Structure formats: C-alpha cells, structure tokens
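What follows is one structure encoded as structure tokens, with my remarks underneath.
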Amino acid sequence: MQELWASEMQTPDLRISCRVSKMLHYEKTPYQELMVVDTYEFGRMLFLDNIIQTNIKDEFVYHEMMAHVGLNTLPNPRRVLVVGGGDGGVIREIIKHPSVEKATLVEIDAKVVEAAQKYLPEISCALTDPRVEVIIDDGIKHVQQSKNKYDMIIVDSTDPIGPAVGLFAGEFYRSVAEALTDDGLFVAQTESPFFNRDLIARVYKEISSAFPLTRLYLACIPTYPGGLWTFTMGSKKHDPLQVDVSRIPDLATKYYSPGIHRACFELPPFVADLIK
Ligand code: SAM
C-alpha cells in the first residue's frame, strides 16, 4: 500500500513531512485551504494552506506560552482578546486564570472554528465556556473599533500572508495599544529566529514605537520551522521580568512554569542581535 505524507514547505529549501494514518477533512474555505489529518508522529494535525497550525503532540507549548507569560505579568487581567486562534488552544489556556471574566476570540474564518470543534476537541474544548465569546470577523477591524477595552490582546495568527499580513504591521500595533487598558499588554507570535530574522527585527522595532516596554521571548515547538520560536510582547506598564515568580499560581501546565517565565527571556546572542 502506498504511504501518504503531509508536507509543509517551511522554506523553499526545507520541508517537514509527517506520515499520515488517516485523511479526515479537506476543504477550500473563503480564506484558505483547510486540512485535518491523523499522523503517526504528531497525532491529529490541522493545516491551513499546507502550513502546520497545530497538532495534538506539541500544541501545549505554543498555547501555554502565548497565554501565561503575559497573563502572569498582569496583576488582575479581566478582559482578554485573541485575534486569530480559531483552534481555541489559547482560549483554553486563558480561562485557566480565575481573574478572567471574559475571553473574546475574533477569528476571520468560521470554518477553522468548526473544524477544530469537530476534530480537535482537546484543543477547542473551552470555546463553549460561558466566559468565552467567539466572533467571526477580521481581527484588524475589531481591534480598530475597540478603545481602552482589553487588559491583554494576543495575536495568534497564521504566517504573514493573506488576511494575516496586516497583523504584522506598525499601524495594527498602534491600534492594539489604543484597544488596551492603561496598563494592558500584548503578545504576538513572531516566527523563527533562523528563518524570519528580518521580520522579527522589524516587528520588534514597530512594537517598540507603539509601547513603552518591548520584550522578546522563546519556546521550543518541534513542528514550527527550525523548532525555536519567538514571541514578542508590548507592554504599557508591567514588565514580565519584574514578576515575583514565587507567586505564580499552579495552572496545570506542561511547558510553562515559574522558572520558564524567567528563562524564556534569556536570548542566545544570535537572537539578541536581532533586536539590538
Ligand atoms: N498557531 C498557529 C501558527 O502559528 O501556525 C496559528 C493558529 S490559528 C489557526 C491562526 C488563525 O488566524 C487562522 O485560523 C486564520 O484564519 C486566522 N487569521 C488570519 N488572519 C486573520 C485576521 N485578519 N483576523 C482574524 N483571524 C485571522
């Protein structure tokens, strides 16, 4: 029997391929090609436009690091917005925080939310929580229309192509700052320090001009290009490095911990050079 492999061209010269045990879903949505497959190595995987978005084996790293570093930097986060993130993984982590009264997800593609609810219940399980509101709309428009509304905004976007291009632009970061409360903060996934060096440098600069404090941090995500991944935080007041980590609550996490809260900001020189 012929083997079936699902591949992402991570760069024109680098591909990651996973052997597929079952093809579960394929459709062209109004925004992108959506595919869900079962794989031998990473379990169930969601692809958009042939790019790996999430999978059962390593999703916890990305989702925990998107949510908890920022939420544990704020003294009392109550209202949190996720832009993108239709699989629901970041929302699942946000609602682990008892202070959060409302978590809003603004995802442009309803089909991503539907597929995650059908095929990835472990990841999407919190989307039906009473504290969660799901809005199907363009996150850029939603942020522009929100003023002084959210304590934290998390941009869980696809790579900077198609509808996600504007989520990596200076104008967007300025409207994020306006949508945040006076001591709010923002976190975005900002790609690979091996393969997206210019993007990381540009985004860091743009965020620095919209926020008084900017920090870059790292996590290890096997299915993303290069494995090492960056996140950039823009904060109006609170510094993640000033957090008393002994007071971080136990949130039942598998990657994030009080030690990781500190360690993730330790940048190897080749990464630190990007933001000098
Ligand atoms: N963790 C993932 C990664 O980096 O590979 C991202 C996961 S999440 C599925 C990304 C989502 O962002 C997609 O479902 C996509 O539809 C959504 N998205 C892209 N541009 C958007 C926009 N302008 N507004 C709202 N959602 C957007």
Open item on the list: How much of the DSSP bridge set in the chain is antiparallel, in percent, rounded to the nearest 5?
Closed with: 65
- [ ] Based on other C-beta atoms within 10 Å, arrange SER257, SER246, SER235 from fewest to most.
- [x] SER246, SER257, SER235
- [ ] In nm, give the distance between the simple-model label positions of PHE265 and HIS25, each being 7 Å from the Cα along the Cα-to-Cβ direction.
- [x] 3.9
- [ ] Compute the relative contact order of the chain as a whole-number percentage, counting only Cα pairs closer than 8 Å that sit 6 or more residues apart in sequence.
- [x] 15
Open item on the list: Given a Förster distance of 41 Å, report the FRET efficiency between ASP273 and MET1 from their Cβ-Cβ distance, rounded to the nearest 0.05.
Closed with: 0.25
TODO: At q = 0.13, 0.24 Å⁻¹, what is the base-10 log of I(q)/I(0) for segment 186-276 according to the Debye formula with one equal point scatterer per Cα and no solvent? Please give it to two decimals.
DONE: -0.45, -1.31
TODO: Specify which residue in the list ASN76, THR104, TYR40 is farthest towards the positive end of the charge dipole of segment 1-110, using unit charges on the beta carbon of Lys, Arg (+1) and Asp, Glu (-1), about the Cα centre.
DONE: ASN76
Open item on the list: Under the rule of at least 5 residues apart or a separate chain, name every residue whose amide H is placed under 5 Å from the amide H of THR29.
Closed with: LEU34
- [ ] Over all alpha-carbon pairs of segment 59-275, lay out the pair-distance distribution in 10 Å bins, whole %, shortest bin first.
- [x] 9, 37, 40, 13, 0
Task: Peptides ranked, highest mean first, by Cβ atoms within 10 Å: ranges 61-71, 173-183 - done: 61-71, 173-183
TODO: Starting from the Cα of ASP183, step 7 Å along the direction of its Cβ; do the same at GLN242; then give the gap between the two resulting points in nm.
DONE: 0.9
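Bear in mind these aren't lab numbers, they're just calculated from the coordinates by the rules spelled out. None of these values were measured; they are calculated from a predicted model. With ideal geometry, Cβ positions are generated from the backbone for all residues, glycine too; neighbour counts draw on all protein chains shown.
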